[in-house]
Amino acid sequence: MADIRQYENHWRVATFEVDAQSEMKLSTMLRICQETSEKHLAALGVGYEKLKEDGMVFLITKSESTIKRMPAHTEEVRVVTKPQGVRGAEFYRDYEFFVGEESIAYVMQCSVAANTQTHRILHPRKFAVYGLDASANGVTDHVLSRIKIEGLPFLGERVIRYSDLDYNGHLNNAIYGDIFYDFAPGGIMGKKLTRVQINFVNESLLGEVIRIFGAEKDGQVLLYGENSRGRAFEASAELVERDMYDFKELN
């Protein structure tokens with residue numbers, strides 16, 4: 001099988017990719033992961049268009065980000081991605097973000113191969129026909145599981161608009177980063193995100209409404225959303241207050 005051990009992507013943080021605290025938004029980080037993975041597969045001849053032609057698409061199901069610091073506007077970021085093996089039907093892949101030699105963030109994601117039309121999950125052997133070893137770096141022990149949360153207070157609603165959709169016709173996974181920022185109890189301003197896991201449970205489609213519930217419990221921010229088919233997403237995160245040093249750096 002062909003070696004797909006590692007791929008490196010370079011990114012300069014643009015003005016529209018940062019938030020009111022002059023740092024990269026979570027949604028931007030998720031978009032960069034998505035693009036880096038796509039570039040890796042395209043370099044191996046199995047980019048989105050090729051897979052779609054063959055009736056296959058990868059759908060991200062879970063994403064966990066551990067963040068030392070978010071990159072700031074104009075910083076040059078280097079992203080290294082590596083496949084981390086297959087567990088059941090899920091393909092694991094990680095991403096490490098560097099500024100220079102400083103490792104600033106680590107993202108673990110898992111996805112499933114699905115039928116382009118029905119979005120029914122396909123067995124991993126369907127991808128194996130391309131002769132690519134998805135376990136070239138072994139199999140990770142860093143497994144992402146469901147976030148079991150129920151009965152949280154209602155926070156509001158989010159309507160899915162056309163601009164939210166991706167090339168699969170549903171709410172793009174990166175947009176959930178913005179939803180988390182917008183609905184996190186207590187808000188994001190004046191705080192630093194150190195860890196966040198978002199699970200994408202059921203796709204949300206154009207015109208649908210996600211009802212969002214959340215609370216802060218035992219130092220964790222918990223959030224989930226429901227659409228017409230049930231649970232749409234679930235998230236847990238850790239936020240810390242910024243100190244005066246952080247504000248001086250931002251300004």
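Filtering segment 1-32 to residues that are part of a helix (DSSP H, G or I) and either closer than 17 Å to Val80 by Cα or hydrophobic (A, V, I, L, M, F, W, C) (or both) leaves Phe16, Leu26, Thr28, Met29, Leu30, Arg31, Ile32. Residues that are assigned to a loop (DSSP other than H, G, I, E, B), closer than 26 Å to Glu241 by Cβ and open to solvent by less than 20 Å² (accessible area, probe 1.4 Å) within segment 175-204 comprise Ala184, Gly190, listed in sequence order. Selection of segment 228-237 for residues being open to solvent by 20 Å² or more (accessible area, probe 1.4 Å) and either at positive phi or at pLDDT 95 or above (or both) yields Gly230, Arg231.
Residues that are of a type in the set (S, T, N, Q) and within 19 Å of Gly151 (Cβ to Cβ) within segment 165-201 comprise just one, Asn199.
Leu51 - would you say it is assigned to a helix (DSSP H, G or I), touching a strand residue (DSSP E or B) at 6+ places or on another chain (Cβ under 7 Å), surrounded by 16 or more Cβ atoms within 10 Å (Cβ to Cβ) and aliphatic (A, V, I, L, M)? In short, yes.
Return a yes/no flag: does segment 159-174 have any residue that is in contact with a Leu (Cβ under 9 Å, 6 or more places away or on another chain) and among the basic types (Lys, Arg). Scanning segment 159-174, I find at least one residue that is in contact with a Leu (Cβ under 9 Å, 6 or more places away or on another chain) and among the basic types (Lys, Arg), so the answer is yes. For segment 205-234, the set of residues classified as farther than 17 Å from Arg161 by Cα, touching a residue at least 24 places away in the same chain (Cβ under 8 Å) and acidic (Asp, Glu) consists of Glu216, Glu234, listed by residue number.
Leu144 meets the stated requirement of being open to solvent by less than 40 Å² (accessible area, probe 1.4 Å), in contact (Cβ under 8 Å) with a residue 12 or more places away in the chain and either in a strand (DSSP E or B) or within 20 Å of Gln197 (Cα to Cα) (or both).
The values are calculated or read from the model by the stated rules, or taken from the named source; none is laboratory data. From a predicted model like this one, the values you see are computed outputs, not experimental measurements. Backbone-built Cβ (ideal geometry, glycine too); neighbour counts: all protein chains shown. The protein model used for the area step is the full one, side chains on, heavy atoms only, and it has no ligands, DNA or RNA in it. Shrake-Rupley method; radii C 1.70, N 1.55, O 1.52, S 1.80 Å.
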